[in-house]
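To keep things clear, I will list the structure first and then write my remarks on it.
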Amino acid sequence: MSARLPGRLTAPEPGWTTRADVVVIGSGIAGLTAALRIHAADRSLKLLVVTKDVLNAGSTQWAQGGIAAALGPGDTPEQHLTDTLVAGAGACDVDAVRVLVTEGPDAVRELIALGTEFDHHDGELSLTREGGHHRDRIAHAGGDATGAEIQRSLIAAVERAPEIEVIQHALAVDLLPAADGGVAGVTLHVLGEGQRDGVGAAHCRAIVLASGGLGQVFSQSTNPSVSTGDGMAVALRAGATLRDLEFVQFHPTVMYLGPDSQGQQPLISEAVRGEGAFLVDFEGNRFMQGQHELADLAPRDVVAKAITRRMLETGRAHMWLDARHLGAEFWGRRFPTILAVCREHGVDPVTELIPVAPAQHYASGGVATDLDGRSGVPGLYATGEVACSGVHGANRLASNSLLEGLVFSRRIAQVLPGELRPWAEPVDDRRPAGLVDWSARPDLQATMTTRVGVLRSAEGIGEALAWLGAQPTDNPTDDPTVPGVDGWETTNLHVISTALAAAALRREETRGSHWREDFPERDDRTQAGHIDTRLVDGRLEQEFHPAPSTDPSTGALS
């Protein structure tokens, strides 16, 4: 890479300041759970939640399938652990997974006690199955509106806690450095918030990053438009480590809207296949048969690769999902949201096949944290999709994402009040500022999609890195005091794309959601482990950390 990456974003000096003991960046299940649990642990603390759009605009709102936990008869955390490790393809942190599955059931029960109304059948919690699960353990709400119901109950709880202040339409620009190398606050750009308009600073003693993923790195994603990797980028610039960015999950069944469709795409939940839908090609062949013991309910990487292979073999732009046999009554009761979206796009799944193709869905990597959500930067915690807690490995198991945000936010709240740092004023930020031209965004997304998407090779990744490295990172605006949100987001996408591509080039194997055409086999001998990325003096530095040996058949430690 020829151009140096900026150490911070070019931005105006803060025009206003506020103070809070803890700032939570993000308002999905991870962020709001963290805020509520910290508030419950110590009501004397002032909390500030900042969200890039409105409170319900993040990825949690769009979660259709549900939340996984061992709540059903005959199910156990150990079985959930095994399924998670298998899906993670030998790249999970077993201790983190054990935390997830053992603490998960109580965390879901707590969510119910908070007011979340999950679906029930005959008085019992209604549980279903998704890809990679050997038990019915997915709790859902409103059929296919689980995320929206969870978001509703969390927002209602926050509104009942006046000690928690919320600032909406606030983009986190950069973390403010403290003298000891930790964080002393965050600069924010706020739109339409009265006196807090434009760039300001929130001084604090701790920051919890819960800002979601990086889906807008790619041309097509199931992620909302706000998912531009901001949290990962601000953490990297502040000295945090990003881990395993190459493991980007592509959801196998995203509704295909045509070759020119861009941005957020309609997701056809894995739960549809969990209820009996199956994949077919243009000749009607059920091509998942014989691919995996779970066939159409195989882990997502297996299904995404099978669809992509069949698309390449046949020269087709998509495959088909057949759910016609489920019937109109079942569709209307179990999947009303998906049914409405399909019909909105001209397809009636009750009578027609649904065109589907893989699209970016979830980032399994992110800010490296320990089991209590601590990053390597003092005072900085991370939870949810922005974090790499170690539970997802190379491929997230279906419906483990909401559970991860819930469980690890609760763990942060258990430790954070007792280890809050003393108040410290921000020191002069000597990191070199920079900005990428906002107009580069469409080409960046196209480059990442075609070169670092589902199919990867050294040649394609090298071309992507060359293009990224050729983009000027100095301020391209006429007025350096008004760079704008588009420029900040594009710069964040640029730095995360560069880190992702570099990690994908370093991992010379195929594992989970990382598929190298030039290294088609999994290599546990030399590639089992984590790729850590840091930003040092404008350059990305990578380290490979070997992992303990695992059983290739289960992903568990040998």
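Since every read-out is calculated from the coordinates, none of them should be taken as a lab result. Not measured: the values here are computed from a predicted model. Methodologically, a virtual Cβ is constructed for each residue, glycine included, from the backbone with ideal geometry; neighbour enumeration extends over all protein chains shown.
Just a few scattered comments:
- Karplus (6.51, -1.76, 1.60) ³J(HN,Hα), θ = phi - 60°, over segment 166-182, in Hz, Gly and Pro reported as x: 10, 10, 9, 6, 10, 8, 6, 8, 7, 7, 8, x, 9, 4, 8, x, x
- Mean Cβ neighbour count within 10 Å, used as a protection proxy, ranking 381-390, 323-332 highest first: 381-390, 323-332
- Scalar couplings 3J(HN,Hα) for segment 253-265, obtained by applying the Karplus form with A = 6.51, B = -1.76, C = 1.60 to θ = phi - 60°, are 10, 9, 4, 7, 10, x, x, 9, 6, 10, x, 5, 10 Hz; x denotes Gly and Pro.
- Highest-first arrangement of 35-43, 141-149, where packing means the average Cβ count within 10 Å: 141-149, 35-43
- Alpha carbon centroid spacing (whole Å) that separates segment 155-203 from segment 387-424: 20
- Amide H partners (placed H, <5 Å) of residue 188, local residues excluded: 173, 200, 201, 202
- Equivalent ellipsoid semi-axes, segment 128-180, via Cα gyration tensor eigenvalues times 5, rooted, Å: 34, 20, 11
- Across segment 251-360, Cα-Cα distances exceeding 19 Å account for 39% of all pairs.
- A cut-off under 9 angstrom between Cβ atoms defines the neighbours of residue 365, and their net charge, with Lys, Arg +1 and Asp, Glu -1, is -1.
- Solvent-free Debye calculation, one equal scatterer per alpha-carbon of segment 86-222: log10 I(q)/I(0) at 0.10, 0.15, 0.16, 0.22 Å⁻¹ equals -0.57, -1.14, -1.21, -1.34.
- Net length gained if the chain between residue 76 and residue 19 were fully extended (0.36 nm per residue, minus Cα distance): 16.1 nm
- Only Lys, Arg (+1) and Asp, Glu (-1) charged, at Cβ; segment 434-530 dipole about Cα centre in debye: 440
- Helix 485-506 vs. the chain, principal-axis angle (Cα, 0 to 90°, nearest 10): 60
- Size descriptor, Kirkwood hydrodynamic radius, that averages inverse alpha-carbon separations across segment 434-530, Å: 14.4
- Eigen-decomposition of the gyration tensor built on the alpha-carbon atoms of the chain gives equivalent ellipsoid semi-axes of 34, 27, 23 angstrom, largest listed first.
- Per-residue packing, averaged as other Cβ atoms within 10 Å, sorts the ranges 175-183, 128-136, 162-170, 362-370 into the order 362-370, 128-136, 175-183, 162-170, beginning with the highest.
- Cut-off under 5 Å, modelled amide H: who pairs with residue 241 long-range: 368, 376
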